Amino acid sequence: MVTTLLVVVIVLAIAFDYINGFHDAANSIATIVSTKVLSPFQAVLWAAIFNFAAYFYFTDHKVANTIAKTVIENFITLEVILAGLLAAITWNLFTWWFGIPSSSSHTLIGGFAGAGMAKAASLGVSVMSAINLAPILKVVAFIVLAPVIGMVISVIISIIILHISKNARPSVAEKWFKRLQLISSAALSFTHGGNDAQKVMGIIYVAMVAGNVLHTGDAMPEWIPISCYAAIALGTMSGGWKIVKTMGSKITKVNAFEGVAAETAGAVTLGITEHFGIPVSTTHTITGSIVGVGLLKRVSAVRWGVTVSLLWAWVLTIPVSATLAAIVFSVIHLFF
């Protein structure tokens, strides 16, 4: 039976996916806007189309399965999921308001895990018994690995492109790079949609199980992925201009050639991690890729002060979201 609480949880999960879209829109459009290949409106429309197009390709739901296993099933209730979502939405809106490109993926995982741990505490058992460490440790490891992989791949791609185009006239090369940026930004938006939409799919699935509408192991109803991909695409359409400014110009000045390299590196990294079911941060990945193209020019081309402040936001996201979720769960627990 579908309860009111289950409906509220599902609506909030889809709302989070929408917020994820406009919070992370900068990841896939920042460079294409800063290089003036597309106007801001054209860029968000372009990104949104490919966010949703990922629905037709990413059908294995590996990332969704990883998210669903973050908290041990015995500790998953609708109240736990509600607390996790409220905490994740709060942190996402806070970082968006201040233009901080934090990870929507990590705030969702942190919120879910923190609420699960609070549930364990309410039962008088070890808080660590509520979480599945394997997927969480994998996510934590890729806080470091995702940007490093993106950076390394962007350097390699940049070197290859420079070698191929070394005899081209600068004006001709610039025109080609601007055309190629349409493809590279589309690829990044495509893999961004495929990776990020799945995270909310996993949350909605476990909510359906907790609400006794589905049983563990049941096939995911088709309306779940359609809703999630549509929500993230609509969110992207709403843009996220404060974060676009940080991603597109504050880390390092990016031209069309560097935009192609960074976006392609980000897309390749996200494609690889999705294949292995690793819920990485699109924000971390593209930031590492942008740093990579900056390093190829010279170390001083990267504004390290901005980069270090971003690192702090990345490190704090999971523990802050987990703490918020634990507090929210404690309040909810008083009424249910």
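Details
- For the stretch 49-94, the tally of residues that are open to solvent by less than 10 Å² (accessible area, probe 1.4 Å) and more than 15 Å from GLU274 (Cα to Cα) stands at 10.
- MET201, sole failed condition from (1) modelled with pLDDT of 90 or more; (2) under 25 Å from GLY21 (Cβ atoms); (3) open to solvent by 30 Å² or more (accessible area, probe 1.4 Å); (4) among the aliphatic types (A, V, I, L, M): (3)
- Criterion applied to ALA141, ALA146 was being on the phi < 0 side of the Ramachandran plot, among the aliphatic types (A, V, I, L, M) and touching a residue at least 40 places away in the same chain (Cβ under 8 Å), and the one residue passing it is ALA146.
- In the condition set (1) free of Cβ contacts under 8 Å to residues at least 24 places away in the same chain; (2) part of a helix (DSSP H, G or I), LYS36 is compliant with all but (2).
- The lone exception for ILE159 - which of (1) crowded, with 24+ Cβ neighbours inside 10 Å; (2) within 20 Å of GLY292 (Cα to Cα); (3) not polar (S, T, N, Q) it fails: (1)
Listed here are the residues, each with its yes/no results for (1) within 21 Å of the chain's Cα centre (by Cα); (2) surrounded by fewer than 23 Cβ atoms within 10 Å (Cβ to Cβ).
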residue: PHE112; (1), (2): yes, no
residue: ALA120; (1), (2): no, yes
residue: ALA130; (1), (2): no, no
residue: ILE136; (1), (2): yes, yes
residue: VAL140; (1), (2): yes, yes
residue: VAL144; (1), (2): yes, yes
residue: ILE153; (1), (2): yes, no
residue: PHE177; (1), (2): no, yes
residue: LEU180; (1), (2): no, yes
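- Cβ pairs under 6 Å, 6+ apart, first in the stretch 201-215 and without any contact (Cβ under 8 Å) to a residue 24 or more places away in the chain, second open to solvent by less than 30 Å² (accessible area, probe 1.4 Å): LEU214/MET208
The values are calculated or read from the model by the stated rules, or taken from the named source; none is laboratory data. These numbers come from a predicted model, not from an experiment. Methodologically, a virtual Cβ is constructed for each residue, glycine included, from the backbone with ideal geometry; neighbour enumeration extends over all protein chains shown. Just so you know, the surface numbers come from the protein's heavy atoms only, side chains and all, with ligands and any DNA or RNA stripped out. Shrake-Rupley method; radii C 1.70, N 1.55, O 1.52, S 1.80 Å.
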